[in-house]
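What follows is one structure encoded as C-alpha cells, with my remarks underneath.
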Amino acid sequence: MQEFYKKALLAFIVIVLADALFAVVFIERSYLSLPILPGQKGVDGRAVEWHRGYTVSPWPAGAPVIRVDDTMRDGLRFDMNLPPGTPDINVSADLIAADAKGAPALVDLSRYGTVSFLAKCAPANSMVFIISIHDERVSKPGNFFTYPPALTYFSCNEDGVPVSIDTTRLSVPQWWFDAFHRDVSRQDFKLDRVARFVFGATSQSPRGVPSHVEISNFTMRGRDYRWLAWLAALVAAGWAGFGIWFFRAQARAMIASVGSTLKTDLPLVAYRQLTLEPYRDKEKVSVLRFIASNYTNPELDLEGVVAGTGTNRTKVNDVLKSELGMTFTSYLNKLRLTEAARLLAENSGTGIAEIAFSVGYANVSYFNKLFKEEYGCTPKAFRALAVQQEQPDSPVQEAAAP
C-alpha cells in the first residue's frame, strides 16, 4: 500500500500543477483586449476598418472649427477652435466602422464591458464620449443622428488623464427618445451593433481659443467566461478521472496488500504448525499449544496462560519473544485477526459481529479497530476485497489451508 500511496501522491501533485498551469492560461485568455486603431483592418476576425471622421452641427460660418490629423496611427489627434457664444454646437472627432468597400458597418463588441484610453487636452477640457449603436427599429444606415448615443463624460489636461469607462453605465439622453418617440424607460442597450466612437466637445469646453486633443491607447476590454467554463470542466474531468483511478487502484493495491499480509502471517499461526513440531522444551510446547487451543476465549490473558501451563510469566514472554518475536498481546491479536480474516473470506453469510465473538473479541468496535490497523481496511471492506480476488489460489485461501 505504501507504494500505491506514493504513486497516488505523485499523481495528485501532477494534477495540481497541471490545473495551476491550465488556470493561468485559461484565466489569462478569458481577459479580452481589443485595440481600436484608425485604419485597423479586421476586428475579432471581421473585415472592418475604422475610419477617421468628424462631426460639426450646426455648421458655423467662418473658419473650420475642427481639424483631424490623419497621421497619428495609434489614436486620434485633432484641433478645435469653438466660436465664442455657441454653447450648443456639436463638434467631435469620430472613429467610424466601415466594411471593405468603405460602406458603414456594424461591429459586435458585446463581449467587452470597459473602454479605456489616455486623453491629453491643451488647455484642460471636459469632453463627451459616445458610442453610436444601431437600433433596427429607428436607425437609418449612415445617418448617425438616428443611432442611440450611449454616452458619458470625461476630463483631460496637458499631462494626460487615463480614462476607464464602464460601458454598462453609459446612458442615452432623453432628447433622443423625445426626437424618435421612444419610451424613455427603455434604457437598455447592447454593444452588438456599434457604428462609431465619438470624442466631442461639451458646453464646458473652451470657447474662442485653439484647443488640442489627443486620444491614445484606445482599447476595449472584457471577459470571455467560456474560458472559465472550459477550465472548470477540464478541472472537474481531471479530478473525476483521478478519483476513479484512485479507488480502483486502491482496491487492487489493497487486495495485493491483504494477500501479502496473510502470506506473512502464515508462519506465525503457531497453533497449526508449531504444535506439531517435536520441541525438546516441554514448557515451550505447552505454552504454544495452550495459546493455540484457547485464543478464542475472550477471557484469555497472560495470567490465564501462566495458570493453564504451570509456567511463570517470564517463561511465557521468553517463548513468544524467541520463537515469534512478539509480545503475548500482539501474538494473541495476530492469531485472532488471522482467523477472523479466514472466516470473513470463507463465510460470506456470517455476520461480522458473530465472527468477532467467535475469535475471542467481546467488543465489536474494538475488533473493527484492530482489524483495520492490521489489514488497512474494515472487516466489511476486507470481505468485499476477498470476493474480488480471481485467482483460485488466493492469499486468503492459502491462509485458510492447514
Within the group ASN333, ASN368, which residue is polar (S, T, N, Q), modelled with pLDDT of 85 or more and over 26 Å from GLU283 (Cβ atoms)?
ASN368
Set SER205, SER216, SER211, SER185: member being out of contact with any strand residue (DSSP E or B) (no Cβ under 8 Å at 6 or more places or on another chain), among the polar types (S, T, N, Q) and assigned by TED's automatic domain parsing to the domain that holds PRO84
SER185
For region 85-110, give me each residue that is touching an Asp or Glu at 6+ places or on another chain (Cβ under 6 Å) and touching a residue at least 60 places away in the same chain (Cβ under 8 Å).
ALA105, ASP108, SER110
Scanning region 358-376 for residues that are in contact (Cβ under 8 Å) with a residue 24 or more places away in the chain and assigned to a helix (DSSP H, G or I), which turns out surrounded by the fewest Cβ atoms within 10 Å (Cβ to Cβ)?
SER358
Can you tell me which of VAL235, VAL198 is outside the structural domain of ASP88 (by TED's automatic domain parsing), surrounded by 13 or more Cβ atoms within 10 Å (Cβ to Cβ), of a type in the set (Val, Ile, Thr) and in contact (Cβ under 8 Å) with a residue 60 or more places away in the chain?
VAL235
State the number of residues belonging to region 1-41 that are among the basic types (Lys, Arg) and within 30 Å of VAL107 (Cα to Cα).
2
Answer yes or no: is there a residue in region 84-94 that is surrounded by 14 or more Cβ atoms within 10 Å (Cβ to Cβ), within 46 Å of the chain's Cα centre (by Cα), within 22 Å of ARG169 (Cβ to Cβ) and not aromatic (Phe, Trp, Tyr).
yes
Please go through region 290-308 and give me each residue that is within 17 Å of SER358 (Cβ to Cβ) and either part of a loop (DSSP other than H, G, I, E, B) or in contact (Cβ under 8 Å) with a residue 60 or more places away in the chain (or both), ordered by number.
TYR295, THR296, ASN297, PRO298, GLU299, LEU300
Test VAL68 against the criterion of being at pLDDT 90 or above, assigned by TED's automatic domain parsing to the domain that holds PRO162 and closer than 25 Å to LYS190 by Cα, and give yes or no.
no
Just to be sure I understand, how many residues within region 111-145 are free of Cβ contacts under 8 Å to residues at least 60 places away in the same chain and closer than 21 Å to PRO35 by Cβ?
0
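The values are calculated or read from the model by the stated rules, or taken from the named source; none is laboratory data. These numbers were taken from a predicted model, which means no experiment stands behind them. Glycine also receives a Cβ, built like all others from the backbone with ideal geometry; neighbour counts cover every protein chain displayed.
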